[in-house]
Amino acid sequence: MIIRKLSGILSNFTNLSRVYAVMVIIVVIAGIASIPSLDYQGDRLYPKTIDRDSPLDPYDRGGIPFESTVVLAEYPENSPYLGYITAYLTPLSLALAAATPHMGTTIVAHPGGIIDEILYATRGLDTVVETTILFVGFAVAAHLFRRREDE
Amino acid sequence: MIDTFHIGMFAASLCIIIAFFSFMKETDDLHRLLLTDLASVMALFLIALVGTDLAEALILPGLVVTISKLMALTEIYLVKEGIQRNQPARTLDIEVLQSAPAILASILVLYGIFLSGFSGGAVAGLGVIFYIICKGHQERFELIETVSGYAWVAWIAAFFIILIFPSQWFLAVMIAGGAILIKVTAKLSLIGTMRGESDV
Amino acid sequence: MSPLFIIGFGLIILGTVATAWPSPKDYITRLINLELPAFGILLVMLSFDETLALLTFIAVTSISTFLFVRVIEKREGTP
Amino acid sequence: MIEYIIAAMFAGLLLHGIHRKVIARIQGRPGPPIWQEILHTLKFLGKESWIPKTASQGVYVAVVGISIAIWTAALMLLITQESLLLLFALYVLHKIVEHGIGLASGSPYAKFGAIRSVVSAASELPLLSSVALIYLITGSLMLRDIEAYQAINGPLLIVAFPAAVALYLVILSKIHYGPFSIVEAKEIVSGYWTEHFGVWRGLMNAAFGLKTFVLLYTFVVVFIGPIGLPLTLLAILILMITLSFVCAATPMLSPYDSVTVQTLTTGLIAIYIIYLGVFA
Amino acid sequence: MFDLNIEGAELFALPFGDIVPYFSVYSATLAAFVLIFILIAAFDRPERQLNIIFGGDAFYEKEIKEGDTRFSRFMAIACGFATLGAVLTGDIFNFTLFAVLVGITNIAIVASAGNHHVLNAAFQYGIVAMIATVPLFGAAAIILATTGTLSIWTLAGMGAVPLLAKAMLILGVMGEGIAPLYIGKAEIIRAQGAPFVLMIHFSSLLLFLRVTEIVLVI
């Protein structure tokens, strides 16, 4: 009987990932048909403006340090100092920007810049969760590793 | 832009189907573990397709999720198979790993500190990993763990400063950047310690 | 659509197939084939100018490779 | 308020008694008197009780309180006509009571009951599809809006028949002696509440009586509509007797078969919902 | 403030920049339950399991190491807070992250178990939790790309989210642990320590309830 067969598969937990894979495949295959009808509207928030000549390319979002710049956040009213982090550059990065046009990535990776604005300020809770995940994953590994040291 | 998104979606669906199909066929646990890494590439591909600054900010948590789950799962795999005390077979016995780690490591660490932030932490951590792996270092866990714990607390504090006293954003950004650099460096360098086989 | 993107997703598909059915089916081959889609996604990120994510991805991929190598070595090793 | 709760509790226990009586009659036995469950509960409440030495004390006591709290809150929701989704959330949380009761004592029998209760978590899946279907049809999940809808368009039982089937299945999987009640099968003594005795057992009996009443009452309110108190009580009684018939006539499924059956039902209803959402 | 006829009135919102966690009648009730269970996990002592040796009258108590209990307790509390976050958050991506955190803490709670069977189940479940990031993050990415926002507040009642994204979101949360993939979790739950393993079951029930609400609202 088909029910018996199915429950036989379900009851063995080593088949778990297999069952899951089948379900994902079914959903994705059913979903492929709907892809052409999807509308792209992803640039409503935090759109990119690329200025190839800027020494900060590809992260030039305008503004000068300790002033703000335009950032399209979801709820601007919740972040009164929106744009200040984006506009800020550390002195080191300013010096780099003046000296060479090829270090855009380095510059924005210093505290300050649009990515930090998103990660630290407007979507800061994401980063809190993310660091916690890293912490937990690490704690598991360390606990198991250390336990075998003790034994 | 619309074209790119749709073609990307088709490609991603195709890849997901292929990846999960092979996943379905696979019975060996370690092979499955390797395939999960492939699956995480698919997830990142889907996020990357959005193409805005926000998408980029979402990729970073995605990466962290991957690496932390891998860390936990590989260790559980070792314990569950009972092979955690095995003498490792040096299948990848590459000469470079023995001879020139120090230079490579110091370059990575320096560049990481130069970058700072999460990428900085990851890059610097990679450097430390290189060093420890290749030297077979014996490190005490507790010290690094404590340091990274304090860094985590500092980051949380920075988060609340931004939310409660937005006018102090500058201070908060500095704390957060520094804390996340230290935290990620510390965590990742511990992986190096684990491979350093303190018990063999 | 930039050529980088096209090459990128071509590499991802190719790499996925290669990883899904590696030729001598052992751990190391699969691990090495895994770098193909990873490289593909690097190109995709580059075509969207997501350089910071790209940098982090490189670092994280090398770390996960270390993790895998460690497990594989243990598995093939002697007790 | 308190009088409603007490009344519902006794009504539920009486329903349990009727359930046992009907099953017994179908199987050709005389069966216990229908107020047996009420007497049972009152007797347990007067017994001496303590906490087993091996038990995890907090869980052992807390889950009893939680089970009463959940079903009291559910009854309140029905009376104040709040959200149906919240009602179902409380219902799903009842799983944690079964599980907690089973794990707390450290006894292997109770533990088996608890693990079966976790395995049969699939019994909540039909709930999701049933809620989704009701929302799709009425456009609201507040009980007062559902009543208003039924006052205009007639009972939901006809329009949303698959949802009614799903909810019926859910109630069936919670009723004693049913085909899905693998958590209290006889081969594991009394399942998850093997180790709860005395006052704890009495309180739990009372909570479960309340649960039965609330579940049946919800079914009547959601699918038949406002028909006045006497008719509602009659509908509940009829529903209970149909359930007893099903319980008496079907064997108990093996644990994973029960999971499969419930999952398949959910799948079918989900397909129906998608069909409704996309093509209608 | 969105007011849909799904979960009762809005009570209170707590803005964290773009992410706005909110309390409605529904989520406040769930949050209250989470707090109760966090307290139980934090202060209760684990039960001592009895094992019966069949064929004889003997039975023995299983032993639990102090250090393992501390680790499990810590992770159970972390899991509780992750669940709290998942219940309250008002942002799709943030929700997926909390779901992942719940998944990994669930593995962590039993990671210290010495039982080979339990560890094996935890590993299988972990693999599923890991590949579940594809539909999970995929759903968030598709929602962001097609509607231009991730906030449940903005999405509420718009009906703009494609069915594919909703299905993937449900599938993703399923991978982090709801039925019928529950079998893996049920095996995990054989580990000892009632207050902690209770949290495993509890967190996935709440994830299930929360994802139901999200799918109905967006």
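For C:W21, what accessible surface area do you get with a 1.4 Å probe? Give it in Å², rounded to 10.
Here the accessible area works out near 140 Å².
Considering the dipole of region B:1-85 built from charges on the beta carbon (Lys and Arg +1, Asp and Glu -1) around the Cα centre, which of B:F10, B:A43, B:G82 is farthest to its positive end?
B:G82
Whenever you get a sec, compute what percent of the accessible area on region A:7-151 sits on carbon and sulfur atoms (1.4 Å probe).
Reported share for carbon and sulfur atoms: 60 percent.
Whole angstrom only: what separates the Cα centroid of region D:5-39 from the Cα centroid of region D:250-266?
Taking the Cα centre of each part, region D:5-39 and region D:250-266 sit 26 Å apart.
Given a Förster distance of 35 Å, report the FRET efficiency between A:D39 and D:Y272 from their Cβ-Cβ distance, rounded to the nearest 0.05.
The pair A:D39/D:Y272 has a calculated efficiency of 0.80.
Take every residue in peptide D:210-222, count the Cβ atoms of other chains within 10 Å of its Cβ, and give the average of those counts.
0
Could you tell me which of rounded, prolate or oblate describes the protein assembly as shown, using a ≥ b ≥ c as the square roots of the eigenvalues of the alpha-carbon gyration tensor, with rounded for a/c under 1.5 and, failing that, prolate when a/b is larger than b/c and oblate otherwise?
prolate
Chains A and B: what accessible area do they bury, summed, in square angstrom to the nearest 100, with a 1.4 Å probe?
For A against B, buried area totals roughly 6500 Å².
Please give the average number of partner chain Cβ atoms lying within 10 Å of the Cβ of each residue in C:27-39, rounded to a whole number.
Per residue, the number of nearby Cβ atoms from other chains is 3 on average.
Name the residue, out of D:L93, D:L234, D:L125, whose mean-square fluctuation peaks in a Gaussian network model built on chain D with Cα pairs under 10 Å.
D:L234
Could you run the numbers on buried accessible area between C and B, total for both chains, 1.4 angstrom probe, in Å² to the nearest 100?
5400
Before anything else, pin down the relative contact order of chain A: Cα pairs under 8 Å, at least 6 apart, normalised by residue count, whole percent.
16
Please give the charge dipole size of the protein assembly as shown, origin at the Cα centre, charges +1 on K and R Cβ atoms and -1 on D and E Cβ atoms. Round to the nearest 20 debye.
Its charge dipole is roughly 2860 debye.
Provide the FRET efficiency to the nearest 0.05 for the C:S2-D:M1 pair, computing r from the beta carbons and using R0 = 56 Å. Display every interim value, and only then the final one.
Numbers: r = 68 Å, r/R0 = 1.21.
With a Förster radius of 56 Å, E is 0.25.
Past 22 Å, Cα to Cα, is the threshold; run B:K69/C:K25; D:K21/D:K211; B:K80/C:K74; B:K69/C:K74; B:K25/E:K166; D:K111/D:K174 against it and keep the listed order.
B:K69/C:K25; B:K25/E:K166
Given only helices, namely DSSP H runs of n ≥ 4 each adding -39500 (n - 2.57), what is the per-residue ellipticity at 222 nm of the protein assembly as shown, to the nearest 500 deg cm²/dmol?
Per the formula, -23500 deg cm²/dmol.
Which order do the peptides D:138-144, B:16-22, D:25-31 come out in when sorted by mean C-beta neighbours inside 10 angstrom, highest first?
B:16-22, D:138-144, D:25-31
Taking the Cα centre of chain D as the origin and placing charges on Cβ (Lys, Arg +1; Asp, Glu -1), which of D:L264, D:G202, D:G154 is farthest toward the positive end of the dipole?
Value computed over the given set: D:G202.
Give me a single rounded figure for E:203-216: the average over its residues of other chain Cβ atoms within 10 Å of their Cβ.
4
Simple spin-label model, 7 Å along Cα-to-Cβ: A:D51 to E:M158 in nm?
Result for the modelled spin labels: 3.0 nm.
Provide the solvent-accessible area of A:K5, counting protein heavy atoms only and rolling a 1.4 Å probe, rounded to the nearest 10 Å².
A:K5 has an accessible surface of roughly 150 Å² with all protein chains in place.
Residues of chain D: accessible area per residue at 1.4 Å, in Å²?
It amounts to 37 Å² per residue over chain D.
Determine the share of chain C's accessible area contributed by carbon and sulfur atoms, expressed in whole percent, with a 1.4 angstrom probe.
Values: 2110 of 2870 Å².
Ligands and nucleic acids excluded, carbon and sulfur reach 74 percent.
At a probe radius of 1.4 Å, figure out the D/E buried accessible area, summed over both chains, and give it in Å² to the nearest 100.
4100
Taking the Cα centroid of region A:110-151 and of region C:18-51, what is the distance between the two, rounded to the nearest whole Å?
Going from one Cα centre to the other spans 25 Å.
Of the accessible area of region D:94-253, with the probe set at 1.4 angstrom, what percent is carbon plus sulfur?
74
Convert each backbone phi in region D:103-108 into a coupling constant with the Karplus relation 6.51 cos²θ - 1.76 cosθ + 1.60 (shift: θ = phi - 60°), then list the ³J(HN,Hα) values in order as whole Hz, x for Gly and Pro.
Residue by residue, region D:103-108 yields 6, 4, 7, x, 7, x Hz.
Quick one: grab the alpha carbon gyration tensor of region B:1-85, order the square roots of its eigenvalues as a ≥ b ≥ c, and give me rounded if a/c is under 1.5, else prolate or oblate depending on whether a/b is larger than b/c.
Note, shape of region B:1-85 comes out oblate.
Which order, highest average first, do D:99-111, A:37-49, E:90-102 follow once you tally other Cβ atoms within 10 Å for each residue and take the mean per peptide?
Going by the mean number of other Cβ atoms within 10 Å, highest first, we get E:90-102, D:99-111, A:37-49.
What FRET efficiency, computed as 1/(1 + (r/R0)^6) with R0 = 25 Å and r the Cβ-Cβ distance, is obtained for A:V22 and B:H6, rounded to the nearest 0.05? Display every interim value, and only then the final one.
Details: r = 26 Å, r/R0 = 1.04.
It comes out at approximately 0.45.
Using only alpha carbon pairs under 8 Å that are at least six residues apart, calculate the relative contact order of chain D and give it in whole percent.
Once normalised by length, the contact order is 31 percent.
Probe of 1.4 angstrom, ligands and nucleic acids ignored: what's the accessible area per residue over region B:1-85, in square angstrom?
Per-residue value: 19 Å².
Give the accessible surface of region C:4-79 per residue, rounded to a whole number of Å², with probe radius 1.4 Å and ligands, DNA and RNA excluded.
34
The values are calculated or read from the model by the stated rules, or taken from the named source; none is laboratory data. Every value quoted in this text rests on a predicted model; they were computed, and no experiment measured them. Glycine also receives a Cβ, built like all others from the backbone with ideal geometry; neighbour counts cover every protein chain displayed. Just the protein is used for accessible areas: all its heavy atoms, side chains included, with ligands, DNA and RNA removed. Shrake-Rupley method; radii C 1.70, N 1.55, O 1.52, S 1.80 Å.
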